[in-house]
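Novice: Submitted below is the structure of interest, expressed as structure tokens.
What follows is calculated from the coordinates using simple rules that are stated; it is not laboratory data. Only a predicted model underlies this, so the values are computations on that prediction, with no experimental measurement involved. Because the Cβ atoms are built from the backbone with ideal geometry, glycine has one as well, and the counts that use them run over all protein chains shown.
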Amino acid sequence: PTIQSESDARIVAEKIRAVLEVPFECDGHSLGISSSIGGAVYPEQGMDEQQLMESADRAMYESKKSGRNMVRFAGAGIS
């Protein structure tokens, strides 16, 4: 699919997060994974690959700080 906006990217990121949290069996144990996903959108949150990665990284850490297992995008309130 083509991602043309932050809202498109958020939909994809939420689908990834939801798939990862589905428990799976390993050696008779039910295991689950939580994920903290950060994203950034060109050009609003970075003009090049380095800036976008830094913005997404800050958003990921904000996601972890806010309770984990969520998706956050760079922007307002994320420094």
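Novice: I need a count of the residues in region 10-34 that are in contact with a Leu (Cβ under 9 Å, 6 or more places away or on another chain) and either more than 17 Å from residue 66 (Cβ to Cβ) or not polar (S, T, N, Q) (or both).
Specialist: 5
Novice: While we're looking at this one, here's another question. So which pairs qualify, if the first residue must be in region 46-65 and among the charged types (D, E, K, R), the second must be assigned to a loop (DSSP other than H, G, I, E, B) and surrounded by 13 or more Cβ atoms within 10 Å (Cβ to Cβ), the Cβ gap must be under 6 Å, and the two must be at least 6 apart or on different chains?
Specialist: Listed pairs, sorted by first residue: 58/78; 62/78; 64/36.
Novice: If you scan region 43-55, which residues turn out to be among the acidic types (Asp, Glu), part of a loop (DSSP other than H, G, I, E, B) and over 13 Å from residue 75 (Cβ atoms)?
Specialist: Residues of region 43-55 that are among the acidic types (Asp, Glu), as a first pass: 44, 48-49, 54.
Next cut, part of a loop (DSSP other than H, G, I, E, B) only: 44, 48.
Residue satisfying the conditions is 48 alone.
Residue by residue, here is whether (1) part of a loop (DSSP other than H, G, I, E, B); (2) closer than 17 Å to residue 9 by Cα holds:
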{"residue": "41", "(1), (2)": "yes, yes"}
{"residue": "59", "(1), (2)": "no, yes"}
{"residue": "67", "(1), (2)": "yes, no"}
{"residue": "72", "(1), (2)": "no, yes"}
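Novice: Restricting to region 22-39, and then to whatever is among the hydrophobic types (A, V, I, L, M, F, W, C) and assigned to a strand (DSSP E or B), can you tell me which residue is nearest to residue 78 (Cα to Cα)? Before you say what the answer is, go through the steps one by one.
Specialist: Keep residues of region 22-39 that are among the hydrophobic types (A, V, I, L, M, F, W, C), which gives 22, 24, 26, 31, 33, 37.
Cutting the leftovers down to assigned to a strand (DSSP E or B) gives us 24, 26, 31, 37.
Numbers: 24: 33, 26: 37, 31: 31, 37: 14 Å.
Ranking the candidates gives 37 first.
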